[in-house]
1. Going residue by residue through the range 28-50, is there one that turns out to be in a loop (DSSP other than H, G, I, E, B), at negative phi, at pLDDT 95 or above and of a type in the set (Ser, Thr, Tyr)?
2. Given the residues 77, 57, 66, which is the only one that is aliphatic (A, V, I, L, M), closer than 21 Å to residue 94 by Cβ, surrounded by 13 or more Cβ atoms within 10 Å (Cβ to Cβ) and in contact with a Leu (Cβ under 8 Å, 6 or more places away or on another chain)?
3. Quick one: count up the residues across the range 46-68 that are of a type in the set (A, V, I, L, M, F, W, C) and over 13 Å from the mean Cα position of the chain (by Cα).
4. Hey, can you tell me all the residues within the range 51-97 that are in a helix (DSSP H, G or I) and acidic (Asp, Glu)?
5. Is one or more of the residues making up the range 71-87 over 13 Å from the mean Cα position of the chain (by Cα), closer than 17 Å to residue 36 by Cβ and hydrophobic (A, V, I, L, M, F, W, C)?
6. Looking at the range 1-27 only, could you name the residues that are assigned to a loop (DSSP other than H, G, I, E, B), at pLDDT 95 or above and either in contact with a Lys or Arg (Cβ under 9 Å, 6 or more places away or on another chain) or more than 24 Å from residue 96 (Cα to Cα) (or both)?
Amino acid sequence: MENKTNGSVDTRTLVENGRLPDPAHWAVADVVEYFRAAGFEEQAAAFQDQEIDGKSLLLMTRNDVLTGLSIKLGPALKIYEYHVKQLQTQHLKNSTA
């Protein structure tokens, strides 16, 4: 994932064949960049601090996101429901296909 000079993320690097690359292969920096691009700039630092890579992200439970990252409840709920859970579901579908 690559930042443009204006700080926005080049979405072409986020998508492979119409979908995100498999999160299981993401490094910590990729996870952090994903959440920054999703609008969670402040919360992305928590993933960096906790060294959450793609494999760890796919193993996270709701409770891990709500309590283990020490981020505010509102953003934590959105991060889990709209991002972590979706990435886990996508990964599962791709692994069984």
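The values are calculated or read from the model by the stated rules, or taken from the named source; none is laboratory data. Because the structure is predicted, anything quoted here is derived from the model rather than measured. Positions of Cβ are generated from backbone atoms using ideal geometry, with glycine treated the same way; all protein chains shown enter the neighbour counts.
1. Scanning the range 28-50 turns up no residue that is in a loop (DSSP other than H, G, I, E, B), at negative phi, at pLDDT 95 or above and of a type in the set (Ser, Thr, Tyr).
2. 57
3. Total meeting the criteria: 1.
4. Of everything in the range 51-97, those that are in a helix (DSSP H, G or I) and acidic (Asp, Glu) turn out to be 64, 81.
5. Yes, that holds for at least one residue.
6. Listed by number, the list holds a single entry, 26.
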